[in-house]
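Below is one structure, written out as structure tokens; comments come after it.
The values are calculated or read from the model by the stated rules, or taken from the named source; none is laboratory data. The structure displayed is predicted, hence computed values, not measured ones. Don't worry about glycine lacking a Cβ; one is built from the backbone with ideal geometry, like all the others, and counts go over all protein chains shown. For the accessible areas, the whole protein counts, side chains as well, though only heavy atoms, and no ligand, DNA or RNA atoms are used. Shrake-Rupley method; radii C 1.70, N 1.55, O 1.52, S 1.80 Å.
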Amino acid sequence: IGEYVAATLAGVFGLPDALRLVAARGRLMQRTPAGSMLAVHLAEAEVRPLLPDGLAVATVNGPGTCVIAGPTDLVNEFAGRLAEDGVGATMLRTSHAFHSPMMEPILAEFRELVAATERSAPQLPFVSNVTGDWITAGEATDASYWARHLREPVRFGDGLATLLAEGEWLFVECGPGRQLAGLVRGQLSRDAATPLPSLPGPRDTASDLATL
């Protein structure tokens, strides 16, 4: 969803249209069968050969860490295999297998919704979660890109690497907790500025204002 915020700030979508698209996207996702997602302490290249049919890499968070998604029974079975092999894995609290083949039945309908929405070339640069590189005007205005964005893996680690290759950054997590800040910290050099939270997570005792 953060990429929709970035695209709106960059002028690709007007805010009302972006809100309508995000709401429709959520409704369509809820129409798909229930599924599960599993965070795995393996690199994408290590986990892909292990995946049975029906499971897919949903997120590549960084070196040595990704998320797989698919039907719950297959995810549970795969988690058991990883445990037997001594590979760390954590089940995520989620209702569906986002960014997996289970999203494919809704892609055509969502693409049509985006195609019917006004789109403009971005006026500010932002990083694509689909490619992990800077968005192009062609991608940002292509309805098929936003359908791919719903289905293909979130390349968070690659996007971060793209930023880190081009200067110094101060990272601020725009949402509750420190999950993304932790993923960023894993790719920063020791002398880099610490990623900052902006809102407390569910287990934090500090107030919103104190955290900010």
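For Trp134, nonlocal amide neighbours, meaning residues 5 or more places apart or on other chains whose placed amide H falls under 5 Å from its own, are Ser128. Among the protein heavy atoms, those of Phe156 account for about 50 Å² of accessible surface (1.4 Å probe, every chain in place). Here the accessible area of the chain is 56 percent carbon and sulfur, with a 1.4 angstrom probe and all protein chains present.
The helix-based estimate of mean residue ellipticity at 222 nm for the chain, built from -39,500 (n - 2.57) per DSSP H run of four or more residues and divided by its residue count, is -11000 deg cm²/dmol to the nearest 500.
A 1.4 Å probe over all protein chains sorts Asp191, Asp204 by accessible area into Asp191, Asp204, starting with the largest.
Residues whose amide H lies under 5 Å from that of Leu199, counting only those 5 or more places away or on a different chain, are Gly175, Gly177; hydrogens are built 1.01 Å from N in the peptide plane.
Relative protection proxy for 194-202, 71-79, from highest mean packing down: 71-79, 194-202 (other beta-carbon atoms within 10 angstrom). What is the percent of Cα-Cα separations in segment 13-88 that go past 18 Å? Cα-Cα pairs in segment 13-88 separated by more than 18 Å: 49 percent. Diffusion coefficient (Stokes-Einstein, Kirkwood radius over C-alpha pairs, 10 °C, 1.306 mPa s) for segment 95-212: 96 µm²/s, rounded to a whole number.
Restricting segment 140-212 to GluC sites (Glu not before Pro) that sit in a DSSP loop and have at most 12 other Cβ atoms within 10 Å of their own Cβ leaves Glu166, Glu168.
Annotation for Leu92 and Ala121: the two label points, set 7 Å from Cα along the Cα-Cβ direction, are 3.4 nm apart.
For the chain, the relative contact order works out to 20 percent when only alpha carbon pairs closer than 8 Å and six or more residues apart are counted. Residues whose amide H comes within less than 5 Å of that of Gly64, counting only those at least five positions distant or on another chain, are Ala43, Glu44 (H built at 1.01 Å from N in the peptide plane). Across all C-alpha atoms in the chain, the radius of gyration and Dmax reach 17.9, 51 Å. Each DSSP beta bridge with both residues in the chain is either parallel or antiparallel, and the antiparallel ones are about 80%. Taken one residue at a time, the phi angles of segment 96-101 give Karplus couplings (6.51, -1.76, 1.60, θ = phi - 60°) of 9, 8, 5, 6, 9, x Hz. Gly and Pro are set to x.
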